[in-house]
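Colleague: Here it is: the structure, laid out below.
The values are calculated or read from the model by the stated rules, or taken from the named source; none is laboratory data. Everything numeric in this text was worked out from a predicted model, so none of it was measured. Neighbour counts are summed over all protein chains in view; Cβ atoms, including those assigned to glycine, are modelled from backbone coordinates with ideal geometry.
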Amino acid sequence: MANEISKLKEYNLEEISKTTKIPLEYLESMLKNDYAKLINVNVKAYTKIISREYGIDTSGFLSNFESFVANTNENQTEKVKINPRLHGYCAKEKSNSTLWLILMLILMALGIWGSKMLQNIDFSHLVPDNITIHDEDAQTNEANATNEEQEDEESDLIINDISQTDQNQTSQIQANEANATSEPAQTNEQNQIEQSQIEQSLAEQSPKIAHFTPKKSIWIGIKNLDDMQKRSFNAKQPFDINLTGNMLLVTGHGRLSLSYDEQNKTYNQKDTLRFHITNGEIKKLNFKEFIKLNKGPLW
């Protein structure tokens with residue numbers, strides 16, 4: 001079973017500690033396989049966080065750690081000392097046993113009396129009410145079925161209206177086309193202006209894309225600022241990010257290239273990069289700007 005915990009060396013441990021809330025000293029002990037310093041730490045929870053956020057298989061490390069803990073506990077097992085029974089407490093225990101026996105007899109007597117009382121109660125007067133309820137349910141179901149039939153009829157009428165409207169619109173379009181052919185052709189200059197306007201409109205409507213090219217495997221975190229939902233993934237190959245929406249983007253390291261709106265930027269730093277995506281634009285943030293937009297949390 002492979003121990004992939006060493007892949008944490010590819011990231012900045014201080015940034016990992018800020019993002020995952022795992023103390024820095026525990027991360028360093030994990031990388032050194034120093035199990036003794038982690039024996040009283042919730043290692044299982046920390047490995048789950050690392051596996052989820054960075055896509056690292058921590059099962060090998062966890063297996064080795066659990067074996068170390070088991071061997072340590074076995075070596076530190078002490079003999080259990082059994083104290084002699086004190087006669088002074090035996091009498092008290094016997095007295096408590098007698099009290100419990102009396103209490104059980106009382107509860108049994110109450111149970112027998114209660115069962116006899118229930119047998120004497122007449123439940124027949126409840127039957128007509130139940131029948132009435134069933135009748136009301138049947139009437140309700142019948143009414144619902146009638147409403148559904150009426151809704152189906154109304155839907156058919158609406159569909160017919162829509163079909164008639166489409167036919168009218170088609171006839172109008174054909175009439176307009178016939179009129180257009182009879183009019184004089186527009187000048188080349190006017191055609192060019194209209195074509196330019198159409199191309200500009202299509203360009204404005206198409207979603208803008210940012211193209212990222214990492215120099216090595218990289219962790220990417222994205223947070224939607226509208227609903228505060230987060231997602232993350234690991235990438236080794238180039239990938240695209242849609243710039244539609246209001247989002248924060250965080251990288252595990254800063255060795256990558258960014259292509260956006262005919263602009264090319266290259267970053268070559270080991271620390272995290274932070275970006276703000278809004279209105280089809282992407283802007284690099286410093287740490288304070290990121291914290292302000294994220295309303296406090298580091299990630």
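Colleague: Filter the stretch 1-54 for residues that are of a type in the set (Val, Ile, Thr) and under 19 Å from residue 272 (Cβ atoms); which is surrounded by the fewest Cβ atoms within 10 Å (Cβ to Cβ)?
Modeller: 49
Colleague: Let me ask you something else. Report whether or not residue 50 is among the aliphatic types (A, V, I, L, M), touching a residue at least 40 places away in the same chain (Cβ under 8 Å), outside the structural domain of residue 251 (by the TED database) and in a helix (DSSP H, G or I).
Modeller: The answer is yes for residue 50.
Colleague: Can I ask one more? I need a count of the residues in the stretch 207-241 that are among the hydrophobic types (A, V, I, L, M, F, W, C), touching a Phe, Trp or Tyr at 6+ places or on another chain (Cβ under 9 Å) and surrounded by fewer than 17 Cβ atoms within 10 Å (Cβ to Cβ).
Modeller: Residues that pass the stated criteria total 3.
Colleague: Can you give me the number of residues within the stretch 1-39 that are of a type in the set (S, T, N, Q), modelled with pLDDT of 90 or more and farther than 16 Å from residue 234 by Cβ?
Modeller: Count: 3.
Colleague: Going through the stretch 247-283 one residue at a time, which ones are exposed (fewer than 13 other Cβ atoms within 10 Å of the Cβ) and either in contact with a His (Cβ under 9 Å, 6 or more places away or on another chain) or at positive phi (or both)?
Modeller: Matches in the stretch 247-283: 261, 262, 269, 270, 279, 283.
Colleague: Just wondering, is there one or more residues in the stretch 29-41 that are under 25 Å from residue 269 (Cβ atoms) and not in a loop (DSSP other than H, G, I, E, B)?
Modeller: Yes - at least one qualifying residue is present in the stretch 29-41.
Colleague: Among the residues of the stretch 285-297, are any under 26 Å from residue 207 (Cα atoms) and either free of Cβ contacts under 8 Å to residues at least 12 places away in the same chain or in a strand (DSSP E or B) (or both)?
Modeller: yes
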